[in-house]
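To start, the structure under review is shown below, and the notes come after it.
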Amino acid sequence: MSKKKKPDELPNSSENENNLTPWQKANRKYLAEHGKTVDKKEAKVPSEEMPFLSDEQAESSENETKESEIPEIKETEQFEKIEQPKTGSPYNGSFLNRLPNLKNQRNKVLYRRLALIITVLSIPLIFLVYYVSPYSRLQAISVSGNETISSQTAIEDTRLTIGGNVWRQYWHKDQYIATLKKEQPRIETAQLSFKSVNTFQLEIKEYKEIALVMKDGQYFPVIENGKVLNEKVANPTKNLPILENFTDNNKISALVKEYNKLSSELQKAISEIKYTPKNSNKNLIQLNMNDGNQVIVNIQNLASQMKYYSQVAKEMTEKGVIDMEVGIFSYPYTDSSEENDSSTQMSAPDNSSEQSGETSNNSDSSTETNEADQSDNSSETSQIDDNSSSSSSISTEN
């Protein structure tokens, strides 16, 4: 009979628990909560309850217990090898392992707060530096699009201040543009914008001159909107029609409105426009063309009837007058001259008859005066004869 082998003494559980890492402790706690732990005291049969077992039976029982313990160890080993993902939140582990992450998180929060504070404080500081610097003052103004008005005149008429605050003048740019248009009626549109940080760009579009009006022997330009500018033109050498006998600005505005509707060829073909009103028609004008013809037309029908001018002019055999007052018809200058001659001849006999009447009246009056003189003379002679006879009778008596 061999002696019974004493079972190996189990390690003290309290000592093992002290030697375990915090992760192993948490693992055991997890297994205990899910019912996967096996109590080693229940798995192993105490030696005191097996007094009559042989050595072989004891060895076999020990082997069975070992085999039963092996899968549990494998399971625990496999479970221990699983690594938990490290996220921003704290994970199971030592405090030393978690300390760097806490520091990083705190540093990120501090950096964000610091950046926010610096941004809030730097914005007003930047504005203050810009307001004090010369970049906030207007340095120059460049003008473009001007043809008749000089750049210096345009800048002066805007009332912009060089050296003044840029933004203050820019936000009130509409007032400056209105002032410029008031001072310069030639300007149709004007725009003010930034050319650089402290430089303005003034873009101008001017009205075109379409005619020259003659007043008291002087010429004044007429622009597209019908206004007559108070600017004397010394030498009217431009290829613009001359307006004569126009004293009413409303008539000029109506004429310009119709004139702008004409094609550029017809506008260039007109050399002179005369205002020739009648008692029956106050809107009648006469156009002297560069080709030698004359056109009589109403102001309100200028655009609608002048489009037929080229066709009518081609059908004319010689230069003459095209009357568009009522309908459209033409006649040469010779007919108009003959009519003028006939009218003068008709007026001549009337004058001769009047002169003959006047002469007859004069002769009658002269005869009457002669007869009266003769009667007066005869009475005087009779009186003389009477006096002589009386004197002769007196002498005889003596």
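The values are calculated or read from the model by the stated rules, or taken from the named source; none is laboratory data. Given the structure is predicted, the values throughout are model-derived calculations rather than measurements. Cβ sites come from the backbone with ideal geometry, for glycine too, and all protein chains shown count toward neighbours. The accessibility values were calculated without ligands, DNA or RNA, using every heavy atom of the protein model including side chains. Shrake-Rupley method; radii C 1.70, N 1.55, O 1.52, S 1.80 Å.
Within segment 168-197, the set of residues being buried (at least 18 other Cβ atoms within 10 Å of the Cβ) and either within 16 Å of PRO134 (Cβ to Cβ) or not small (Gly, Ala, Ser) (or both) comprises GLN169, TYR176, ILE177, LEU180, GLN184, ARG186, ILE187, LEU192. So, restricting to helices (runs of 4 or more DSSP H) that lie completely within segment 165-284, which ones have at least 1 residues that are out of contact with any Gly (no Cβ under 6 Å at 6 or more places or on another chain), closer than 30 Å to GLN305 by Cβ and of a type in the set (Phe, Trp, Tyr)? The qualifying helices (runs of 4 or more DSSP H) are 249-259. GLU231 falls short on exactly one of the conditions (1) at pLDDT below 90; (2) more than 30 Å from THR161 (Cα to Cα); (3) of a type in the set (Asp, Glu), and that condition is (2). Scan ASN279, ASN230, ASN293 and give me the residue that is open to solvent by 60 Å² or more (accessible area, probe 1.4 Å), out of contact with any Asp or Glu (no Cβ under 7 Å at 6 or more places or on another chain) and under 16 Å from GLU325 (Cβ atoms). One residue alone meets the criteria, ASN279.
Looking at the structure I just gave you, is SER347 modelled with pLDDT under 50 and either surrounded by 14 or more Cβ atoms within 10 Å (Cβ to Cβ) or farther than 18 Å from THR276 by Cα (or both)? When the stated conditions are applied, SER347 passes them. Scanning segment 120-163 for residues that are among the hydrophobic types (A, V, I, L, M, F, W, C) and closer than 26 Å to GLN191 by Cβ yields a count of 9. Remark: GLN267 falls outside the filter, which requires a residue to be modelled with pLDDT of 90 or more and more than 17 Å from ALA211 (Cβ to Cβ). Can you spot a residue in segment 299-320 that is open to solvent by less than 50 Å² (accessible area, probe 1.4 Å) and assigned to a strand (DSSP E or B)? Scanning segment 299-320, I find at least one residue that is open to solvent by less than 50 Å² (accessible area, probe 1.4 Å) and assigned to a strand (DSSP E or B), so the answer is yes.
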